[in-house]
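Shown next, in structure tokens, is the structure this report addresses.
The values are calculated or read from the model by the stated rules, or taken from the named source; none is laboratory data. Keep in mind the model is a prediction, meaning the values are calculated, not measured. With ideal geometry, Cβ positions are generated from the backbone for all residues, glycine too; neighbour counts draw on all protein chains shown. Calculation scope for accessible area: heavy atoms of the full protein, side chains included, ligands and nucleic acids excluded. Shrake-Rupley method; radii C 1.70, N 1.55, O 1.52, S 1.80 Å.
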Amino acid sequence: MSALGESLSEVDWFFDGMQAGLFDLDGVIVDTAKYHYRAWRELANGLGFDVTEAQNERLKGISRMESLEVILGIGGVAIGAAEKDRLATVKNARYVEMVQQIDPSEILPGAKEYLLALRARGVKVGLGSASKNADIILRNLGIRPLFDAVIDGNQVSRSKPDPEVFLLGARALGVAPAACVVYEDAAAGVEAAKAGGMRAVGIGRAENLPNADIVVPGLYALLAR
Ligand code: BG6
Ligand code: MG
């Protein structure tokens, strides 16, 4: 692993032969984590406990039902399957209410420009997200047409760190895993990329993403190349 900026040639080598970029959504293209947090926090408060921002970190990259299990664990709440389904539905309704308001100003710095730059080079662009709300978010951001394939929580049966979401993305784009580069802000997503035989760019801080091949603070940092 190396930090970007150490050696440009090393970074160029990293991207050599790349035919497709597979992007996580939440935390890479748009900061929806704050909305997930707000919705989970409201749910937890309704159940009589609070969730800290640090605890919210554990929810990044994992599915809605897995997130609910973490939340219930934090509050020490034990309930049956039907009640879990109901709470997940309540949380999602609140989350959808918030993301329906999202507009292009919420695209993270450099993300749209980076997608355009890849496309201009003939690199295919795919989405690989755990979210079942990916489509509405991409449309509200106005960038749905920039994706040649969208694989989200509605099509996968195994959550990250399982590589399924990225392997389905590679297949939809007709590109071999070894020619794919994954962009991920969650450790589970980096694991998924590596398990799928793909290169992984970590978005965020290197200490949180120890298995990423390179780590950058945001897609904007890759634009200068
Ligand atoms: C991921 C988020 O992208 O999507 C997780 O990082 C979230 O925090 C997961 O739990 C599922 O999202 P949704 O929109 O299907 O509830
Ligand atoms: Mg993410």
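Here are some notes:
- Number of positions in segment 83-95 that are open to solvent by 70 Å² or more (accessible area, probe 1.4 Å) and polar (S, T, N, Q): 1
- In segment 126-168, the residues that are in contact with a helix residue (DSSP H, G or I) (Cβ under 7 Å, 6 or more places away or on another chain), more than 11 Å from ligand 1 (Cβ to nearest atom) and among the aliphatic types (A, V, I, L, M): L138, L141, I143, L146, A149, V150, I151, L167
- Subset of segment 25-68 that is in contact with a Phe, Trp or Tyr (Cβ under 9 Å, 6 or more places away or on another chain) and of a type in the set (A, V, I, L, M, F, W, C) - its residue that is nearest to ligand 2 (Cβ to nearest atom): V28
- Of the candidates I137, I107, I71, the single residue that is in contact with a Phe, Trp or Tyr (Cβ under 7 Å, 6 or more places away or on another chain), at pLDDT 95 or above and within 20 Å of G27 (Cβ to Cβ) is I71.
- Taking segment 133-225 as the region of interest, the helices (runs of 4 or more DSSP H) fully inside it that hold 2 or more residues being buried (at least 16 other Cβ atoms within 10 Å of the Cβ) and of a type in the set (D, E, K, R) are 187-195.
- Complete set of residues in segment 61-82 that are farther than 29 Å from P163 by Cα and surrounded by 12 or more Cβ atoms within 10 Å (Cβ to Cβ): G75, V77, I79
- The set of residues from segment 170-196 being over 13 Å from L22 (Cα atoms) and at pLDDT 95 or above comprises E191, A195.
- Among the residues here, L22 does not qualify as among the aliphatic types (A, V, I, L, M), more than 16 Å from ligand 2 (Cβ to nearest atom) and either modelled with pLDDT of 95 or more or surrounded by 12 or more Cβ atoms within 10 Å (Cβ to Cβ) (or both).
- Identity of the residue in segment 127-140, more than 15 Å from ligand 2 (Cβ to nearest atom) and touching a residue at least 24 places away in the same chain (Cβ under 8 Å), that ends up nearest to K60 (Cα to Cα): I136
- Candidates in segment 96-125 are the residues that are open to solvent by less than 80 Å² (accessible area, probe 1.4 Å) and of a type in the set (G, A, S); of these, the one that is nearest to ligand 2 (Cβ to nearest atom) is A111.
- Residue satisfying all of: in segment 46-60; open to solvent by less than 50 Å² (accessible area, probe 1.4 Å) and in a loop (DSSP other than H, G, I, E, B); farthest from D31 (Cα to Cα) among these: F49
- Cβ separations smaller than 9 Å between residues 6+ apart or across chains give the following pairs from segment 152-169 residues that are over 23 Å from A212 (Cα atoms) to residues that are open to solvent by 10 Å² or more (accessible area, probe 1.4 Å) and among the aliphatic types (A, V, I, L, M): Q155/L168.
- For segment 175-225, taking the residues that are under 22 Å from I62 (Cβ atoms) and β-branched (V, I, T), the one that is farthest from ligand 2 (Cβ to nearest atom) is identified as V215.
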